[in-house]
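First comes the structure, then the notes that go with it.
The values are calculated or read from the model by the stated rules, or taken from the named source; none is laboratory data. Note that the structure is a prediction, hence the values are computed from the model and not measured. Every residue, glycine as well, gets a Cβ built from its backbone with ideal geometry; the counts of neighbours run over all protein chains shown. Each accessible area value is taken on the protein alone, full model and side chains, heavy atoms only, with ligands, DNA and RNA left out. Shrake-Rupley method; radii C 1.70, N 1.55, O 1.52, S 1.80 Å.
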Amino acid sequence: TTWKIKKGFKWEDGTPVTAADFIFAHQTIMTEGMPVITRDIDRRIERMEAPDPYTLVVLWKERFYRANEDVHFPLPRHVLEPLLKKGPKTYSEGAFNTRPIGNGPYRLTEWDPGNHLVLERNPHYPGKPPAFSRIIYKIIPNTGTLEANLASGAIHAISPIGFSLDQGLDVQKRRGDKFRVHFTPGMYWEHMDVNTQSPLLKDRRVRQALLYATNREGIVKALFEGKQEMAHSWLPAKHYGYNPDGKKYPYDLERAKSLLKEAGWTPGPDGICRNANGKKMHLVLMTTSGDKLREKIQQIIRSDWRKAGIDLTLRNQPAKVFFSETVRYRKFPHLAMYSWVLNPSSDGENVWTIKNIPSKKNNWSGQNTSGFVHEEISRLSHRIPATLDKKARTRLFHREQALWLEELPAIPLYFHTEVSVTNPKFRGWKPTGTNTPVTWNAEQWSFAK
């Protein structure tokens with residue numbers, strides 16, 4: 001694939017953006033020992049070439065249906081190459097992590113961790129100058145304080161990570177005449193990763209029992225007024241690969257109890273299931289602490305599962321610890337509840353293949369944090385991105401989901417509806433509901449006159 005790079009774009013220090021920056025980014029990702037999340041795109045590349053500074057040629061090892069999409073990105077070679085030569089550790093700990101150098105309409109000029117970020121116009125940006133000379137991001141963890149700041153005019157917008165759906169609905173009811181509340185159907189998948197290596201959860205019948213015992217429809221109705229899409233798979237209905245005929249798991253306590261019995265778990269005197277060795281069905285569910293919505297859902301799940309004979313302990317951690325330590329290094333004993341975001345091209349290779357189980361051996365790359373091992377699902381997940389014909393890919397998706405819904409390496413809950421709030425005079429706010437952030441068109445933001 002050959003790409004022509006637009007001339008005139010410069011890094012914020014004035015250095016031109018060239019094909020060498022794209023090649024350097026690829027080399028950085030493929031450097032052994034570099035702690036990247038995934039190499040599933042770059043490992044397919046044989047090499048990159050630059051016939052001239054503004055032409056990038058990518059030679060692929062294999063067919064890849066996204067080869068014509070914008071899957072490549074640049075890094076400032078003139079800044080980072082000296083660090084990379086000193087090794088992945090020096091590179092990863094470099095100043096670029098807290099003082100990145102970009103080439104877009106804005107540049108980061110100040111970052112006070114946990115407090116705020118300041119972005120100002122990039123004087124080297126060749127496009128139309130942004131309407132705002134400066135954008136300030138404030139980190140305000142408390143939702144009540146967020147709302148108060150918006151009401152006072154101290155802030156003009158609340159990003160999609162500020163409010164949950166129930167909070168957004170509440171704000172709309174109380175202050176819909178003062179604020180503009182945006183509800184964007186999203187591709188954020190709320191689920192519980194299952195540690196499939198745990199002796200308690202290795203049997204898929206136990207995992208199926210957990211899903212039958214979870215009143216997901218009740219959760220969606222009670223907490224979201226039915227305005228979030230209940231998840232039946234890891235793919236949302238709007239994804240082209242979604243299988244509408246896939247197996248469904250309605251709330252069914254009797255079916256849950258029956259499956260547990262088949263798997264060798266029967267209720268004891270206290271109602272909690274035990275196996276033949278007398279071991280109790282005692283599970284630990286972890287999520288991010290301070291997230292009131294997830295804590296409510298945890299309580300509902302604990303109550304539901306108790307009725308099926310499953311004892312559940314709730315153990316939560318600050319988000320930084322939960323994601324950077326517990327989830328990444330697969331330290332959760334049984335279940336981890338969180339969401340990750342899809343895009344319309346998501347293929348699942350990074351999350352359901354055996355090679356993408358994070359481990360010390362692969363430097364903890366990959367997102368198969370369930371430790372899920374299934375040879376056919378793994379093969380299908382590798383085949384999907386290598387299949388060019390969309391109809392053929394869809395058939396592979398359907399087969400993969402049919403198997404996945406029997407195995408259940410994760411418990412699907414629902415897909416988020418993104419909530420954001422703006423001052424009525426704010427213009428150009430266009431949340432996507434995908435992994436494209438709300439800042440994608442920040443240079444178009446403005447205020448009504």
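Lysines within cross-link reach of Lys6: Cα-Cα under 25 Å, excluding same-chain residues under 8 positions apart?
Once the sequence-local lysines are set aside, what remains near Lys6 is Lys128.
May I ask for the Rg/Rh ratio of the range 294-445, computed from Cα atoms with Rh as the Kirkwood radius, given to two decimals?
Rg/Rh: 1.02.
Where the centre of each part is set by its Cα atoms, how far does the range 322-380 sit from the range 398-417, in angstrom?
14
May I ask you to give the solvent-accessible area per residue for the chain, in square angstrom, as obtained with a 1.4 angstrom probe?
Result: 48 Å² per residue.
At a Cα cut-off below 16 Å, give the lysines reachable from Lys227, other chains included and same-chain residues fewer than 8 away excluded.
Excluding near neighbours in sequence, the set is Lys173, Lys238.
When only alpha-carbon atoms are used, what values of Rg and Dmax, in angstrom, describe the range 283-382?
15.1, 41
Per 5 Å bin, what percent of the C-alpha pairs of the range 8-106 does each bin hold, from zero upward?
All Cα pairs considered, the percentages come to 2, 12, 22, 23, 21, 14, 6, 0.
What do you get when you divide the Cα radius of gyration of the range 148-287 by 2.2 N^0.38 Å, with N the number of residues?
Expressed relative to 2.2 N^0.38 Å, the Cα Rg reads 1.41.
Of the listed peptides 328-339, 76-87, what is their order by residue-averaged count of other C-beta atoms within 10 Å, with the highest listed first?
328-339, 76-87
Please identify every one of the GluC sites (Glu not before Pro) in the range 181-242 that sits in a loop by DSSP and has no more than 13 other beta carbons within 10 Å of its own beta carbon.
In loop regions of the range 181-242 (DSSP not H, G, I, E or B), the sparsely surrounded GluC sites (Glu not before Pro) are Glu225.
What FRET efficiency comes out for Val71 versus Lys247 if R0 is 22 angstrom and r is the Cβ-Cβ distance? Round to the nearest 0.05.
0.10
Anyone know which of Ala25, Ala276, Ala67 comes out most mobile in the 10 Å Cα GNM of the chain?
Taking springs between Cα atoms under 10 Å, the residue moving most is Ala276.
Quantify, in whole percent, the carbon and sulfur part of the accessible surface of the range 56-172 (1.4 Å probe; protein heavy atoms only).
About 52 percent, which is the carbon plus sulfur part of the accessible surface.
If you split all Cα-Cα distances of the range 127-216 into 5 Å bins from zero, what percentages do you get per bin, shortest first?
Whole-percent P(r) values from 0 Å outward: 2, 9, 16, 14, 11, 11, 10, 9, 7, 6, 4, 1.
Report Rg (one decimal) and Dmax (nearest whole number) for the range 9-62, counting Cα atoms only, units Å.
Values for the range 9-62 (Cα only, Rg and Dmax): 12.5, 37 Å.
Here are several values of P(r) over Cα pairs in 20 Å bins from 0, in percent: (1) 22, 48, 25, 5, 0; (2) 24, 55, 21, 1; (3) 21, 53, 24, 2. Which one was derived from the coordinates shown?
For P(r) over Cα pairs in 20 Å bins from 0, in percent, the calculated option is (3).
Could you pull out the trypsin sites (Lys or Arg not before Pro) across the range 259-324 that fall in loop regions by DSSP (anything but H, G, I, E, B) with no more than 13 other Cβ atoms inside 10 Å?
Taking the range 259-324 and a limit of 13 other Cβ atoms within 10 Å, the loop trypsin sites (Lys or Arg not before Pro) found are Lys279.
Per the Debye formula with a single identical scatterer at each Cα and no solvent contribution, what log10 I(q)/I(0) holds for the range 78-188 at q = 0.13, 0.16, 0.19, 0.21 Å⁻¹?
Computed log10 I(q)/I(0) values: -0.72, -0.94, -1.08, -1.15.
Could you pull out which residues in the range 333-371 have an amide N less than 20 Å from a spot 7 Å beyond the Cα of Thr313, following the Cα-Cβ vector?
Within reach of a label on Thr313, which here means backbone N under 20 Å from a point 7 Å along Cα→Cβ, the range 333-371 contributes 333-338.
Below 22 Å Cα-Cα, how many Lys pairs turn up in the range 288-435? Only count pairs eight or more apart in sequence, or on different chains, if you could.
Lysine pairs, 8 or more places apart or on different chains, close enough: 8.
Tell me, what is the Rg over Rh of the range 96-152, with Rh the Kirkwood radius over Cα pairs?
Across the range 96-152, the Cα-based Rg/Rh ratio is 1.06.
Using only the Cα atoms, what convex hull volume per residue in Å³ does the range 371-449 have?
Enclosed volume per residue, from the Cα hull, is 160 Å³.
Before rounding to the nearest 500, sum -39500 (n - 2.57) across all DSSP H runs of length at least 4 in the chain and divide by the residue total; then give [θ] at 222 nm in deg cm²/dmol.
Rounded to the nearest 500, the figure is -8000 deg cm²/dmol.
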